[in-house]
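What follows draws every value from the coordinates through simple rules; no lab data is involved. Keep in mind the model is a prediction, meaning the values are calculated, not measured. A quick note on method: Cβ atoms are made from the backbone with ideal geometry, for glycine too, and the neighbour counts reach across all protein chains shown.
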Amino acid sequence: MLCLTLSHKTIDADLKEFWNNRPYIGLAELRIDCLDNLESDEIKDKIISFPSIVDVPVILTCRRKSDGGQFTMSEKKRLSIIKKCSEGAFSYVDIEEDSHWNEFEKELSNRGIEIIKSIHDFNGIPDNLFLKMNRMATKGFIPKVAVKVNGVKDLIFLFSAQEKLKDIKKKIIIGMGDYGVPVRILYKKIGCFTTFCSDNEVAPGMLSPRSLSELYRADRVNAQTHIFGIIGNPVMHTISPNIHNPGFHGIRFNAIYVPFLVDSVRYFFRLAEMLQIHGFSVTIPFKRDVIPYLGRNTREVTQICSCNTVIRERGMWKGINTDYYGFLSPIIPEFDNDKIKTALVIGAGGAARSIVWALRNHNCNVTILNRTLEHAKSLANETMSNYDILDNAYKYSGLSDIVVQTTSVGMEPNYLEDPVPSLNFSGKEIVYDLVYKPNLTKFLSRANEKKCKIVYGIDMLIAQGKLQFEAFSGYHYPPNVNPNF
Ligand code: NAP
């Protein structure tokens, strides 16, 4: 069940967010430390009546500044406010691990209110965390930890709770920050009874109730759910979850696709074994780094030295390159009609490798232009292509059947940038931009004005994503599902 954290300055604003998100959640946390005029009797009365207005169990929380909250008065004052407000029909009260309010805690227990004992660490994972959680559980509390995840090694530790803390039936583990996002999404895999969400990022890495519920269907994860994902750095901007999750749902496949921010490929493979991950996409900068960990590769991966898809096959990791076929997919008819014989490729990075090889394997004469000449030269030597420095782009105007833009220039938020303003179009060439955000880049828009046939980066993204989907699930992407962007 998902818990909506309400952290507005007024109860009315909290109620508005609550009802907006009611379809997605089963629990709410009222963060009274964020309310204005908390000391006034009128506000306290509103807090007391809150649980009887809403139709889900409510957690009462008054978080100190030092734990990421807004409360700055004394501990005595905090206790007296929580005491008064807990007169409402709250199901849970959150009390920090170091607040030893024994009498109040006893009183709450006698009234059947469960106590969540919480530990927060915004820097990392504190020592003896699981020991502390075990102690809290032994005393009858629900242990809750919200800790900053600083890398995949920390993720491995938190996911080990699945086994090490399996005897604690009711617990909450939150991984803060972008590295911690998989813990928030896969909370049921660790055996947590809830995870927190909000329309505002109340804590670092928090997701919205709608995305957790509708996109990830996090509350439906169970022991049989197959885990897939994407690794990269950065990775949180990825729209691949919006391709795969709706696709899995469309074929009724019990599977989830999660973004993993990764700082070490080696540790990620360890995590993948631990979580029994069935397959994952690979993006910048790991498309080459994953290859030494693979037991088998397709011909494209071996040739291009770039792998964007990894699947578990007969107990072994297998590498596939769907960028190669995803790139070709929108322009296959042009090859079939012999319309592409010469190509100009802008950029010589990871994506360009797949593109140049795909063009060369289709008998195309390729020229690579790049900002750093050395990178262009090295790819050109490997693929028997021509190369030049990007500054000379104007010399190649109108000379190619297809121009493919593979740099990240022009990508949001820098959508006004054009990687090759000096390159002119004749109107006869096909112009293809790999950047998919925005859809119509400045570069493509110039080509469009010259009446060139244009191909959008999103078409390649969807084509390569659908091929990944087939590799992951064994099924075609459902034709009635539109990737959910
Ligand atoms: P990459 O390996 O980091 O390569 C980046 C390339 O862009 C290099 O050639 C680099 O030149 C060049 N570059 C970067 N900044 C530049 C600038 N300011 N001016 C001129 N050139 C610049 O990245 P990648 O993996 O190839 O990805 C590149 C783009 O393709 C990204 O936007 C990515 O999202 C997109 N992509 C799209 C799809 C799709 O399905 N549509 C698939 C894969 C990638 P230097 O060599 O001089 O550094």
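In a DSSP loop and with at most 12 other Cβ atoms within 10 Å, there are no trypsin sites (Lys or Arg not before Pro) in region 365-437.
Before anything else, pin down the relative contact order of region 1-105: Cα pairs under 8 Å, at least 6 apart, normalised by residue count, whole percent.
On the way: 146 pairs, mean separation 26.2, N = 105.
Taking the mean separation of contacting Cα pairs over the length of region 1-105, I get 25 percent.
For the chain, the longest principal axis of the Cα atoms and the long axis of helix 350-361 meet at an angle of about 30 degrees. Annotation: for a label point projected 7 angstrom from Cα along Cα→Cβ of ASP219, no residues of region 65-101 have a backbone N closer than 12 Å. Placing dummy labels 7 Å off each Cα toward the beta-carbon, the span from ARG314 to LEU416 is 5.7 nm. Holding the Cα-Cα limit at 27 Å, pick out from LYS76/LYS106; LYS106/LYS132; LYS164/LYS287; LYS287/LYS395; LYS83/LYS170; LYS46/LYS148 the pairs that are longer than that. Cα-Cα > 27 Å for LYS164/LYS287; LYS287/LYS395; LYS46/LYS148; rest within.
For the pair region 199-251 and region 417-485, the centres of their Cα atoms are 24 angstrom apart.
Shape verdict for region 387-454, please, from the Cα gyration tensor: rounded (a/c under 1.5), prolate (a/b greater than b/c) or oblate.
Details: a/c = 1.88, a/b = 1.25, b/c = 1.50.
Verdict is oblate for region 387-454.
Amide H contacts for ILE430 (H built 1.01 Å from N in the peptide plane; partners 5 or more residues away or on another chain; cut-off under 5 Å): ILE402, VAL403. Given in Å, the Rg to one decimal and the Dmax to the nearest whole number for the Cα atoms of region 332-447 are 13.1, 37. Once the C-beta distance of ASN365 and LYS451 is scaled by a Förster radius of 30 Å, the resulting FRET efficiency is 0.80 to the nearest 0.05.
I'd like the distance separating the alpha-carbon centroids of region 32-62 and region 334-371, in whole Å. Each part reduced to its Cα centre gives a spacing of 62 Å. With both residues required to sit in the chain, DSSP beta bridges show an antiparallel share near 10%. Taking all Cα pairs closer than 8 Å and separated by 6 or more residues, the relative contact order of the chain comes to 9 percent. Putting +1 on Lys and Arg Cβ atoms and -1 on Asp and Glu Cβ atoms, find which of ILE81, ALA28, PHE269 reaches farthest to the positive end of the dipole of the chain. Farthest towards the positive end: PHE269.
Tell me the angle of helix 241-250 to the major Cα principal axis of the chain, expressed in degrees between 0 and 90 and rounded to the nearest ten. Roughly 80 degrees between the two axes.
Report note on the peptides 398-407, 337-346: ranked by the mean count of other C-beta atoms within 10 Å, highest first, their order is 398-407, 337-346. Each residue of region 397-412 is assigned a 3J(HN,Hα), and the resulting list reads 4, x, 9, 10, 6, 9, 10, 10, 9, 10, 7, 8, 5, x, 6, 4 Hz, derived from the Karplus form 6.51 cos²θ - 1.76 cosθ + 1.60 (θ = phi - 60°), x at Gly and Pro. Among the chymotrypsin sites (Phe, Trp or Tyr not before Pro) within region 17-91, not one is in coil by DSSP while having at most 12 neighbouring Cβ atoms inside 10 Å.
Consider a paramagnetic label point 7 Å from the Cα of HIS476 along Cα→Cβ; state which residues of region 235-253 have an amide N under 20 Å from it. Zone members listed by number: 243-253.
For ARG111 and TYR267, the difference between the fully extended length at 0.36 nm per residue and the C-alpha to C-alpha distance is 51.5 nm.
Dipole size of region 103-145 about its Cα centre, with +1 on Lys/Arg Cβ and -1 on Asp/Glu Cβ: approximately 120 debye, rounded to the nearest 20. Is any residue of region 67-81 close enough, with backbone N under 19 Å, to a label point placed 7 angstrom from the Cα of LYS9 along the Cα-Cβ axis, and if so, which? Answer for this model: 69-73. If the chain linking ASN102 and ASN200 were pulled fully straight, counting 0.36 nm for each residue of separation and taking away their Cα-Cα distance, it would gain 31.9 nm.
FRET efficiency for ASN439 and GLU39, Cβ-Cβ distance as r, R0 = 41 Å, nearest 0.05? Provide the component values of the computation, followed by the final result.
Numbers: r = 52 Å, r/R0 = 1.26.
After rounding to 0.05, the efficiency reads 0.20.
Histogrammed with a bin width of 10 Å, the alpha carbon distances of the chain distribute as 4, 18, 24, 20, 15, 11, 6, 2, 0 percent, first bin at zero. For region 31-153, the equivalent ellipsoid derived from the Cα gyration tensor has semi-axes of 25, 17, 13 Å, listed largest first.
Rank-order 163-171, 308-316 by packing density, defined as the average count of other C-beta atoms within 10 Å over each peptide's residues, highest first. Walk me through the intermediate numbers first.
Numbers: 163-171: 14.7, 308-316: 17.6.
By packing density, highest mean first, the sequence is 308-316, 163-171.
What the Kirkwood sum gives for region 55-110 is a hydrodynamic radius of 11.9 Å, with every pair of different alpha carbons counted. Applying 0.36 nm per residue to the separation of LYS339 and SER49 and subtracting their alpha-carbon distance, the gain on full extension is 97.2 nm.
List the chymotrypsin sites (Phe, Trp or Tyr not before Pro) within region 407-473 that fall in a DSSP loop (any state other than H, G, I, E or B) and whose Cβ has at most 16 other Cβ atoms within 10 Å. Those that pass, being in a loop and sparsely packed, are TYR415.
Under the rule a/c < 1.5 gives rounded, and otherwise a/b versus b/c splits prolate from oblate, where does region 248-362 land using the Cα gyration tensor?
Judged from the Cα gyration tensor, region 248-362 comes out prolate (a/c at least 1.5, a/b above b/c).
Over region 18-99, the alpha carbon radius of gyration divided by the compact-protein estimate 2.2 N^0.38 Å works out to 1.07.
For region 218-270, the spread of Cα positions along the three principal axes, ordered from largest to smallest, is 32, 24, 17 Å.
Taking the alpha carbon gyration tensor of region 415-485, multiplying each eigenvalue by 5 and rooting it gives semi-axes of 30, 12, 10 Å, largest first. The 3J(HN,Hα) values that the Karplus relation (6.51, -1.76, 1.60; θ = phi - 60°) gives for region 419-426 are, in residue order, x, 9, x, 7, 7, 9, 10, 8 Hz. Gly and Pro appear as x.
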